[in-house]
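Following: one structure in structure tokens, then a few remarks.
The values are calculated or read from the model by the stated rules, or taken from the named source; none is laboratory data. Please read all numbers here as calculations on a predicted model, not as lab measurements. Cβ placement follows ideal geometry from the backbone for every residue including glycine, while neighbour counts extend to all protein chains displayed. Ligands, DNA and RNA are stripped out before the accessible areas are found, and what is left, the full protein with its side chains, is counted by its heavy atoms. Shrake-Rupley method; radii C 1.70, N 1.55, O 1.52, S 1.80 Å.
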Amino acid sequence: MAKPKKTARHDRTGLARSYPYYLANRPVAANTDLEVRDKYSGKIATRTAFGDAATIRKAIVAAHKARDAMAAFPPDKRRDVLEHCVRRFEERFEELALALCIEAGKPIADARGEVTRLIDTFRIAAGEATRIDGEVIELQISERTRGYRGMVKRVPIGVCSFITPFNFPLNLVAHKVAPAIAAGCPFVLKPAAKTPVGALIIGEVLAETDLPRGAFSVVPCSNEDAAALTEDERIALLSFTGGLVGWDLKARAGRKKVILELGGNAACIVDADPGADLDHVVDRLVFGAYYQSGQSCISVQHILVHRDLYERLRKKLKAKVAALRMGDPRSDTTFIGPMIDEDAARRVESWIDAAVKGGAKRIAGSRRDGNMLPAALLEKVPHDSDLYRQEAFGPVACLQPFDDFEEALATVNASEFGLQAGVFTGNLAHAMRAWDALDVGGVIVGDVPSFRVDNMPYGGVKQSGLGREGVRYAIEDMTEQRLLVIRG
């Protein structure tokens, strides 16, 4: 393993003054065209190199040439690369957290949590790199097949293209990059242009390793210039996390395998017997709905409460939401930071206003200031409103009562999305019924749908996408079975 290189010189913001992109494992300071703004102050925090369509084509060519070398790169060496990343991320922990805080506006406590998950994801992948096993198949099922033996091994699928969004600039990258290295797949990554720094630091750490030349490229670029990441036939797998435009990418992807994680408007059911103290339930609901300003695919957008508990929970929730501290994400006491930009905050505010105009009642929340939007809680939200039907992706939740558990399950299933759902219940039969009945990728009992561990299968159904993340499950997607039959 190569010795770590000196990191770029940092200014008083905590970020380097500029960052290169990574083309075929090497840093390229092609320009400083991409301005990365501090999402709280609005000032330019740093600049990065910005690729174009020609850069993406070069990256794909390099990755395609690296297929055989990556497939031959031994599992123990893949593990060593991933373990090197773990060590370096631990050494650069606060730098990575501050980068998140600045480029994504993520409160520092949440930022540190995401760095921890980045490290966890690479550590899990390191363990899996030497456990990509095959199987022996019994072929002697009749007189015709006596003497035949079958074996299957898993081999890398080939070049992967990855497109990631702004809201988890480290961990969503990690869930694509770490399994690809473990599986032996070269890749080209396009991070979100609003939050490219975390991915470029990951690229910097990968460049310290002895991965085969062309094994990786990390290139911020425009959506238009990234078209080849979807359409190029040399790419075997496209993994996209983002909005519903993912379905358009799938339509353009041709024969390649496509993995999509496209968000949701997650619900959490609070049963008549929630199975936990009501204050604890409220604490978890507030976390799930408002952490990092609700900019999470599994943020709690709908809270369904049994009518027997409704008024008590409503009162506690109102007080808790009103007390959330909003401000500078660098402060340890800040819970609500800025949204990614003013347009996003303006959109969520307009959805709230439209819902109120349509008959919703505002329980908590106040007016927007730039991209700072206070936490909002509403009830009686019209079911045909954007706030109810679409993914809000902001600090807002909709509260509603229910009388019957089956009614609550039906309400959750009426959504066009199906990523995860939460259920607070002390009734085992209700927990199992929710698992059977809810048309979602995951049911979280005793907690909010925002709960995720990085080794579990994660993904959605319906408009929420297809395929599963989670290191082992991603590795399965990035490998394919190769059969050997022997007679004798």
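How big is the gap, in Å, between the Cα center of the range 177-206 and the Cα center of the range 116-146?
The range 177-206 and the range 116-146 have Cα centres spaced 24 Å from each other.
May I ask you to list the residues of the range 304-320 whose amide nitrogen lies under 12 Å from a point 7 Å from Cα along the Cα→beta-carbon direction of LEU278?
Only 306-318 pass the distance filter.
Keeping every protein chain in place, order ARG389, ARG117, ARG144 by accessible area at 1.4 Å, biggest value first, i.e. largest first.
ARG144, ARG389, ARG117
Extension gain LEU324-ALA227, at 0.36 nm per residue separation less the Cα-Cα distance, in nm?
Gain in length upon complete extension: 30.8 nm.
Taking the Cα centre of the range 197-263 as origin, sum charge times position over the Cβ atoms of Lys and Arg (+1) and Asp and Glu (-1), and report the length of that vector in debye to the nearest 20.
Here the size comes out at about 360 debye.
Net charge near SER217: determine it from the other residues with C-beta under 10 Å of the C-beta of SER217, scoring Lys and Arg +1 and Asp and Glu -1.
With Lys, Arg at +1 and Asp, Glu at -1, the neighbours total +3.
Please compute the per residue accessible area over the chain with all protein chains in place, 1.4 Å probe, rounded to a whole number of Å².
On a per-residue basis, 41 Å².
Hey, could you grab the Kirkwood Rh for the range 196-301? Inverse mean 1/r over distinct alpha carbon pairs, Å, one decimal.
17.5 Å
Give me the net charge of GLN292's neighbourhood, meaning all other residues with Cβ under 10 Å from the Cβ of GLN292; Lys, Arg count +1, Asp, Glu -1.
-1
Sorted by average packing, counted as other Cβ atoms within 10 angstrom per residue and highest first, what order do 365-374, 179-188 take?
179-188, 365-374
Round to a whole number: what % of the accessible area of the chain belongs to carbon and sulfur, probe 1.4 Å?
After summing per-atom areas, the C and S share lands at 49 percent.
Not counting ligands, DNA or RNA, and with a 1.4 Å probe, what is ASP439's accessible surface area in Å² rounded to the nearest 10?
ASP439 exposes around 70 Å² with every protein chain in place.
Could you pull out the pairs from LYS43/LYS316; LYS176/LYS318; LYS194/LYS250; LYS194/LYS320; LYS106/LYS176; LYS106/LYS320 whose alpha carbons sit more than 29 Å apart here?
Pairs exceeding the cut-off: LYS43/LYS316; LYS176/LYS318; LYS194/LYS320.
Roughly how big is the range 332-486's charge dipole about its Cα centre, with Cβ charges of +1 (Lys, Arg) and -1 (Asp, Glu), in debye to the nearest 20?
In total the dipole reaches around 180 debye.
Pick out, from ASN371, PRO401, HIS383, the residue whose Cα sits farthest towards the positive end of the charge dipole of the range 371-428, with +1 on the Cβ of Lys and Arg and -1 on the Cβ of Asp and Glu.
Projecting each Cα onto the dipole axis, the largest value belongs to ASN371.
Nearest 0.05, what FRET efficiency do ARG146 and ARG482 give at R0 = 25 Å with Cβ-Cβ as r?
Given R0 = 25 Å and the Cβ-Cβ separation, E is 0.55.
How high is the FRET efficiency from VAL61 to PHE93, r the C-beta distance, R0 45 Å, rounded to 0.05?
0.80
How large is the dipole of the chain about the Cα centre if only Lys and Arg carry +1 and Asp and Glu carry -1, each at its Cβ, rounded to the nearest 20 debye?
Roughly 1360 debye, rounded to the nearest 20.
What do you get for the angle between helix 197-206 and the principal long axis of the chain? Use alpha-carbon atoms, 0 to 90 degrees, nearest ten.
That helix lies at roughly 30 degrees to the long axis.
Below 20 Å, Cα to Cα, which aspartates and glutamates can LYS153 reach? Residues fewer than 8 away in the same chain don't count.
ASP68, ASP76, GLU128, ASP133, GLU135, GLU138, GLU476, ASP477, GLU480
222 nm [θ] for the chain, helices only, -39500 (n - 2.57) per DSSP H run of 4+, per residue, to 500?
-11000 deg cm²/dmol
Given R₀ = 56 Å, FRET efficiency for SER366-ARG131 by Cβ-Cβ distance, to 0.05?
Computed FRET efficiency for SER366 and ARG131 comes out at 0.60.
Hey, what angle do you get for helix 93-104 against the long axis of the chain, alpha-carbon based, 0 to 90 degrees rounded to 10?
Helix 93-104 sits at roughly 60 degrees to that axis.
Label LYS43 and TRP435 with points 7 Å out from Cα along Cα→Cβ: what is the distance between them in nm?
Modelled inter-label distance: 5.3 nm.
Which net charge results for the neighbourhood of PHE424, defined as the other residues with beta-carbon distances under 11 angstrom from its beta-carbon, given Lys and Arg at +1 and Asp and Glu at -1?
Combined, the nearby Lys, Arg, Asp and Glu give -3.
Ignoring ligands, DNA and RNA, how do TRP435, TRP247, TRP351 rank by accessible area with a 1.4 Å probe, largest first?
TRP435, TRP247, TRP351
Quick one: order ASP33, ASP80 from most to least accessible surface, probe 1.4 Å.
Putting ASP33, ASP80 in descending order of accessible area: ASP33, ASP80.
If the viscosity is 1.567 mPa s and the temperature 4 °C, what translational diffusion coefficient in µm²/s does Stokes-Einstein give for the range 145-188 when Rh comes from Kirkwood over Cα pairs?
Diffusion coefficient, whole number: 102 µm²/s.
Can you tell me the orientation of helix 278-290 relative to the chain, as the angle in degrees between its alpha-carbon axis and the longest Cα principal axis, to the nearest 10?
Compared with the principal axis, the helix lies near 60 degrees.
Please give the Cα centre distance for the range 458-488 versus the range 392-431, rounded to the nearest Å.
Comparing the Cα centres of the range 458-488 and the range 392-431, I get a distance of 29 Å.
Go through ALA323, LEU229, ALA429 and say which Cα lies farthest out towards the positive end of the charge dipole of the chain; charges sit on Cβ, +1 for Lys and Arg, -1 for Asp and Glu.
LEU229
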